[in-house]
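Trainee: My structure is below; once you've seen it, I'll send some questions.
Nothing in this text is a laboratory measurement; each read-out follows from the coordinates by a stated rule. As the structure is a prediction and not an experimental result, all values here were calculated from the model. All Cβ positions, even for glycine, are placed from backbone atoms using ideal geometry, and neighbour counts span all protein chains on display.
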Amino acid sequence: AFAQAPVFLSIFFGIKDLGNYQPSFTTETFLWIHDLSSIDPYHALPVAAMLSLLAVLETNLKARKTAVNPMQFKMQLGVQRILCFSMIPMLIGLKYPAGVYLYWIANSMFAMFQTLLLNHPTVKRFLRLP
């Protein structure tokens, strides 16, 4: 997981300024966003980004639930939820381009799928994972 952080951050900051260097980035659309280099006018993407991050965190935590004390599990779950929901106003205030949030959401969904797949009993048995 820590090995993915530098890649995520590099692409994150690359996409953030992509509209300045790649004119086609400003003409691409996605649903209600008419320019991927502009800010989401409804602030739905920052909320969706935090919800997708929360989904990944909870999926990872639930995947190792048996290895964690039940009280510690509940506490970690609560802290993760509080942190994710408290970050939403900050993300809205930072005014990142919509393309950044779309990348964040796609990356989070891939990470969640990867966690679910690698924790599936059949896949674990096939790959001989513990």
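Trainee: What is the magnitude of the charge dipole of the chain about its Cα centre, with +1 placed on the Cβ of each Lys and Arg, -1 on the Cβ of each Asp and Glu, and no other charges, expressed in debye to the nearest 20?
Mentor: 860 debye
Trainee: Run the numbers on the stretch 1-82 and let me know its relative contact order in percent, using alpha-carbon pairs under 8 Å that are six or more apart.
Mentor: In percent, rounded to a whole number, it is 15.
Trainee: Something else: Could you calculate the contour length gain from Q22 to R81, that is, 0.36 nm times the residue separation minus the distance between their Cα atoms, to one decimal place in nm?
Mentor: That pair, Q22 and R81, stretches by 17.6 nm at full extension.
Trainee: Please give every one of the lysines within straight-line cross-link reach of K16, meaning a C-alpha to C-alpha distance under 30 Å, and leave out same-chain neighbours fewer than 8 residues apart.
Mentor: Candidates past the 8-residue exclusion: K95.
Trainee: Can you list the lysines whose alpha carbon sits under 20 Å from that of K65, skipping same-chain ones fewer than 8 residues off?
Mentor: By straight Cα distance, K65 reaches K74, K124.
Trainee: Along its principal axes, what span do the Cα atoms of the chain show, with the longest given first and each in whole Å?
Mentor: The Cα atoms of the chain stretch 48, 33, 26 Å along their principal axes.
Trainee: Sticking with this structure for a sec: Counting each DSSP H run of 4 or more residues in the chain as -39500 (n - 2.57), what helix-only mean residue ellipticity at 222 nm follows after dividing by all residues, to the nearest 500 deg cm²/dmol?
Mentor: Numbers: 6 runs with 90 residues, N = 130.
Calculated from helices alone, the mean residue ellipticity at 222 nm is -22500 deg cm²/dmol.
Trainee: Same structure again: Under the 0.36 nm per residue contour assumption, what length would be gained going from the current alpha-carbon distance of M90 and K74 to full extension?
Mentor: Values: separation 16, 0.36 × 16 = 5.76 nm, distance 2.53 nm.
The M90-K74 span can extend by a further 3.2 nm.
Trainee: Okay, next question. Calculate, in nm to one decimal, what A106 and W32 gain on full extension: separation in residues at 0.36 nm each, minus their alpha carbon distance.
Mentor: 24.9 nm
Trainee: Name the helices (complete DSSP H segments) of the chain with a Cα length along the long axis of 15 Å or more and a Kyte-Doolittle mean of at least 1.6, or state none.
Mentor: Span-like helices here: none at all.
Trainee: Select from L53, M71, I11 the residue farthest towards the positive end of the dipole of the stretch 1-71; place +1 on Cβ of Lys and Arg, -1 on Cβ of Asp and Glu, and compute about the Cα centre.
Mentor: Most positive-ward Cα: M71.
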